[in-house]
Amino acid sequence: MIEFFTTHGPWLAYVILFLGSLVEGESIVLTASFLAYTGFLSLPKVMTIAFVATLFADQTLFYVGRFYGPGLLERYPKLKEKSKRVFALLHKYNTPFILGFRFVYGIRTASPLIIGAAGVDIRRFTILNFCAAVIWTVISCLGGYFLGYLFADVIEDVIHKVGHYQKIAFIGVGSFLVIGLGIFYLRKKWREKKR
């Protein structure tokens, strides 16, 4: 993986990080933070990009929900189904839910849309969204960096082994295809002779 980014440059990793942070992209943020531990990326840049992307995405979805939410919920039954869970959590745990929806897998993208549709005050959501983005960024980025600290040697060893086994698998699959095609061809010729 590091070889791929080395070939294309760190800018590609930053672009992927930005796009991944727009949606439920914890795995991308953790990977980018691991790459920051290895020295390939800059941890402050990773944190800044992750923060800006998640803040932008959730604030945009909130405004879409605020102005178009009820119509969208009626138009998309799958989103309407998710909205029931989000509305229930929002009414029961208002402020904690707004601060923590980023950490709830499966409803993260729908949550700001539905919070907007629920009529939560714009100023209140913006302040809570900013605080939540800071918390999510710090936990996700430092978590990936810390995992790099703990497991960098193990992960690099696994990556090298995967590369070695990829070559073996490629040779095995190639041999299997050649033998399979050979058997198919010989069988076809045998059937033609039999007729």
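The values are calculated or read from the model by the stated rules, or taken from the named source; none is laboratory data. Fair warning: this is a prediction, and the values are worked out from it, not measured in the lab. Cβ: placed from backbone, ideal geometry, glycine included. Neighbour counts: every protein chain shown.
Observations on the structure shown:
- Per the listing Ile107, Ile98, Ile114, Ile135, the residue uniquely touching a helix residue (DSSP H, G or I) at 6+ places or on another chain (Cβ under 8 Å) and outside any helix (DSSP H, G or I) is Ile107.
- Selection status of Arg102, modelled with pLDDT of 75 or more and loosely packed, with under 10 Cβ neighbours inside 10 Å: no
- Reported count of residues in the stretch 98-118, each being free of Cβ contacts under 8 Å to residues at least 60 places away in the same chain and within 16 Å of Gln59 (Cβ to Cβ), is 13.
- Checking Phe51, Phe34, Phe40, Phe87 one by one, the residue that is in contact with a Leu (Cβ under 8 Å, 6 or more places away or on another chain) and of a type in the set (Phe, Trp, Tyr) is Phe34 and no other.
- Members of the stretch 69-83 found to be of a type in the set (Lys, Arg) and surrounded by 10 or more Cβ atoms within 10 Å (Cβ to Cβ), listed by number: Arg75, Lys80, Lys82
- Residue, farthest from Arg75 (Cα to Cα), within the stretch 117-129, restricted to residues that are assigned to a helix (DSSP H, G or I) and of a type in the set (Val, Ile, Thr): Ile127
- The criterion of being of a type in the set (Phe, Trp, Tyr), within 10 Å of Ala110 (Cα to Cα) and in contact (Cβ under 8 Å) with a residue 40 or more places away in the chain does not hold for Phe67.
- Failed criterion for Glu81 (all others in (1) under 19 Å from Val138 (Cβ atoms); (2) part of a helix (DSSP H, G or I); (3) not hydrophobic (A, V, I, L, M, F, W, C) hold): (1)
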